[in-house]
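Enquirer: Can you keep this structure in mind? I'll have questions shortly.
The values are calculated or read from the model by the stated rules, or taken from the named source; none is laboratory data. Predicted model, so just to flag it, every value in this text is computed and none were measured. Heads up, the Cβs are rebuilt from the backbone with ideal geometry, glycines too, and the neighbour counts pull from every protein chain shown. Only protein heavy atoms, including side chains, enter the accessible area calculation; ligands, DNA and RNA are left aside. Shrake-Rupley method; radii C 1.70, N 1.55, O 1.52, S 1.80 Å.
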Amino acid sequence: MKFSGNFNYVYSNYEFPASFEKKTFGNELVAFDLNANKKDDAFWNEIRPIPLTMEESNDYTKKDSLQTIRKSKKYTDSIDAKNNKFKVWDVLMGYDYKNTFKKYSFDYKGLLNISSLSFNTVQGFNLDSGFSFKKWNEEKGTNTSISTTFNYGFSDQRFRAIGEFSHRFNTINYATIWGSGGTKTAQLNSAEPISKLINSISSLFFKDNYMKLYNLEFVEINYGQDIANGVNLTGKIGYEQRKPLFNTTDYSFFKKEDLYSSNNPLAPDDFTTPAFDQHHLFKALVTTRINFGNKYISRPDGRFNFKDDKYPTIYLAFEKAFEASEKKYEYERIGASVQYDLSLGNKGLLGTNFRGGKFFNAENISFIDYRHFNGNQTHIGTSERYLNVFNMMPYYSNSTNDSYFEMHTEYNDTGFIMNKIPLLNLLKSTMNIGFHALAIPDKKPYSEFTVGLDNLGFGKFKLFRVDYVHSYQGGIQQNGVVFGLKILNALD
């Protein structure tokens, strides 16, 4: 294949000083005037010193004509009509409707939304359905969505529903308001360290029910926007009523004689005592994300940010619970985290994630509001990198309502070492070396060391990873292997 091209550049009215002041060049990389892409022929004929060639003129005419056709109502309606055809089985399997010209779409999940089917010991098999509506405008940068999700548990015979909405006002400062409300089952750890898919497999095949749930009735509203270059501020306020839940099924495919643990992680053999008492409260949360050295491009249709990899990203948070059913449930918490990827050139990449925080007036708060840490007892990893998880720590063994500090580091050699090892270099994989640590009051520190291979697979399907893990806490040492199946993160 051969190709060639000619480019002409014309510079005018430029002055080149001998030197520039320190802050002459800011973080804005490129700026376009408003409606710069909508100038007429008269403007271009006046400002362009070199006229278009016949080939260029014909090319622009052809592309303008195609764009006009493809944005026309007749064309978009014909394309949509083909995709919007309704079939009888869509009642069960789901249906999508889209109006490209008017810029809105509708989605129905179907009565048999098989992709949502999961199992837990509180609800048994449960299934989702729901509706969603979206409307957008690319030029104004607005985006609005409204959705509902219905869930039914076949064992507890309980119907739950939530509604959500969001509206983005623009793509300049990305001001967005969103909210939700309803009733749902929620994990005690709001970070949801165990996915529905992994928990379903773990429970049905191995009789290990690691997911611990409670009933949450809630309403909340959020607002966030960029308040300065590289600085985003988000606020949330909400009302929550929490009710404990208990196992309602002992069903599994195998090991039918074994018993599931209770839904109380503090007492896995106690099937009558809940992990907390029923209560309600209001919660407010303010978070800030800071990207130092943030670069951006200003265009008529929005502002596009580019994080400067030379600097870390910092998160700050303040949380307050108030107006609770009992005073003991009210508290304050401050938190911070620093995330940074250090490029070592052709020698690899070092990723770090440091987090810490402190509770105040939290001696008797609900176990739900403790700081829970992302553990893993399934020996299955689902994420690209393990910078937010302790690979062998039980999910609720180190939860705290006091101060905490956790550290995650992971080095990936990007092939620098592996490519030099005979035979192993045939795998075309990369090596990962990691260290994770957690410190909380009144307990010995938890730490774990990991080493493994990433980018394993066949041909272009490099979706697997395997790590050896050694953990240590208070004289107790454990060894294990974590199998990384990154595709599960997309399927869940």
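Enquirer: Search the range 103-119 for residues that are closer than 10 Å to LEU92 by Cβ and pair each with any residue that is assigned to a strand (DSSP E or B) and not β-branched (Val, Ile, Thr) when their beta-carbon atoms are under 7 Å apart and the residues are at least 6 apart or on different chains.
Expert: Taking only residues 6 or more apart or on different chains, the pairs are GLY110/SER129; LEU111/SER129; ASN113/LEU127; ASN113/ASP128; ASN113/SER129.
Enquirer: Name the strands (runs of 3 or more DSSP E) wholly within the range 297-407 that hold at least 3 residues that are surrounded by 15 or more Cβ atoms within 10 Å (Cβ to Cβ) and touching a Phe, Trp or Tyr at 6+ places or on another chain (Cβ under 8 Å)?
Expert: Passing ranges, in order: 313-322, 331-343, 349-360.
Enquirer: Among (1) assigned to a helix (DSSP H, G or I); (2) over 22 Å from PRO300 (Cβ atoms); (3) hydrophobic (A, V, I, L, M, F, W, C), there is one condition LEU66 misses while meeting the rest; what is its number?
Expert: Checking LEU66 against (1) assigned to a helix (DSSP H, G or I); (2) over 22 Å from PRO300 (Cβ atoms); (3) hydrophobic (A, V, I, L, M, F, W, C), the one that fails is (2).
Enquirer: Which one of SER132, SER115, SER145 is closer than 19 Å to LYS184 by Cβ and open to solvent by 90 Å² or more (accessible area, probe 1.4 Å)?
Expert: Only one candidate qualifies: SER115.
Conditions (1) out of contact with any helix residue (DSSP H, G or I) (no Cβ under 9 Å at 6 or more places or on another chain); (2) farther than 27 Å from ILE201 by Cα, marked per residue:
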{"site": "LEU342", "(1), (2)": "yes, yes"}
{"site": "PHE359", "(1), (2)": "no, yes"}
{"site": "ILE365", "(1), (2)": "no, yes"}
{"site": "ASN374", "(1), (2)": "yes, no"}
{"site": "THR378", "(1), (2)": "no, no"}
{"site": "ASN391", "(1), (2)": "yes, no"}
{"site": "ASN419", "(1), (2)": "no, yes"}
{"site": "SER429", "(1), (2)": "no, yes"}
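Enquirer: Of everything in the range 266-276 that's within 32 Å of the chain's Cα centre (by Cα) and either hydrophobic (A, V, I, L, M, F, W, C) or at pLDDT 95 or above (or both), which residue is farthest from TYR370 (Cα to Cα)? It would help to see each step written out before you state the result.
Expert: Here is the first cut: in the range 266-276, the ones within 32 Å of the chain's Cα centre (by Cα) are 266-268, 274-276.
From what is left, the residues that are either hydrophobic (A, V, I, L, M, F, W, C) or at pLDDT 95 or above (or both) are 266-267, 275-276.
On the way: LEU266: 13, ALA267: 16, ALA275: 12, PHE276: 12 Å.
Within the range 266-276, the match that is farthest from TYR370 (Cα to Cα) is ALA267.
Enquirer: Here's something else I'd like to know. Where residues in the range 10-39 are part of a loop (DSSP other than H, G, I, E, B) and open to solvent by less than 80 Å² (accessible area, probe 1.4 Å), which of them is farthest from ASN294 (Cα to Cα)?
Expert: Selected residue: SER12.
Enquirer: Since TYR223 meets every condition but one in (1) within 30 Å of TYR311 (Cβ to Cβ); (2) surrounded by 16 or more Cβ atoms within 10 Å (Cβ to Cβ); (3) touching a Phe, Trp or Tyr at 6+ places or on another chain (Cβ under 9 Å), which condition does it not meet?
Expert: (2)
Enquirer: Please specify each residue of the range 169-211 satisfying the condition of being aliphatic (A, V, I, L, M), open to solvent by 50 Å² or more (accessible area, probe 1.4 Å) and either without any contact (Cβ under 8 Å) to a residue 24 or more places away in the chain or within 30 Å of MET392 (Cβ to Cβ) (or both). Explain how you work it out, then say what you get.
Expert: If we filter the range 169-211 for residues that are aliphatic (A, V, I, L, M), which is where we start, we get 172, 175, 177, 186, 188, 191, 194, 197-198, 201, 204, 211.
This time we only want the ones that are open to solvent by 50 Å² or more (accessible area, probe 1.4 Å), so: 172, 191, 197, 201.
If the condition is that a residue be aliphatic (A, V, I, L, M), open to solvent by 50 Å² or more (accessible area, probe 1.4 Å) and either without any contact (Cβ under 8 Å) to a residue 24 or more places away in the chain or within 30 Å of MET392 (Cβ to Cβ) (or both), then ALA191, LEU197, ILE201 are the ones that fit.
Enquirer: For THR414, indicate whether it is in contact (Cβ under 8 Å) with a residue 60 or more places away in the chain and on the phi > 0 side of the Ramachandran plot.
Expert: yes
One line per residue, one yes/no per condition, for (1) within 27 Å of SER261 (Cα to Cα); (2) of a type in the set (Ser, Thr, Tyr):
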{"residue": "GLY375", "(1), (2)": "yes, no"}
{"residue": "PRO394", "(1), (2)": "yes, no"}
{"residue": "SER399", "(1), (2)": "yes, yes"}
{"residue": "MET407", "(1), (2)": "no, no"}
{"residue": "ASN432", "(1), (2)": "no, no"}
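Enquirer: Sticking with this structure for a sec: Can you tell which of LYS255, LYS243 is within 30 Å of PHE165 (Cβ to Cβ) and free of Cβ contacts under 8 Å to residues at least 60 places away in the same chain?
Expert: Working: LYS255 fails: within 30 Å of PHE165 (Cβ to Cβ).
The match here is LYS243.
Enquirer: For the range 287-329, how many residues are among the hydroxyl-bearing types (Ser, Thr, Tyr) and touching a residue at least 60 places away in the same chain (Cβ under 8 Å)? Full working, then the answer.
Expert: Within the range 287-329, the first condition is being among the hydroxyl-bearing types (Ser, Thr, Tyr), and the residues that meet it are 287-288, 296, 298, 311, 313, 315, 325, 329.
Narrowing the set further to residues that are touching a residue at least 60 places away in the same chain (Cβ under 8 Å) leaves 296, 298.
Final tally of qualifying residues: 2.
Enquirer: Going by what's in this entry, would THR144 be described as among the hydroxyl-bearing types (Ser, Thr, Tyr) and touching an Asp or Glu at 6+ places or on another chain (Cβ under 8 Å)? Step through it out loud before you land on a result.
Expert: Working: among the hydroxyl-bearing types (Ser, Thr, Tyr): yes; touching an Asp or Glu at 6+ places or on another chain (Cβ under 8 Å): no.
Taking the combined requirement at face value, the residue does not satisfy it.
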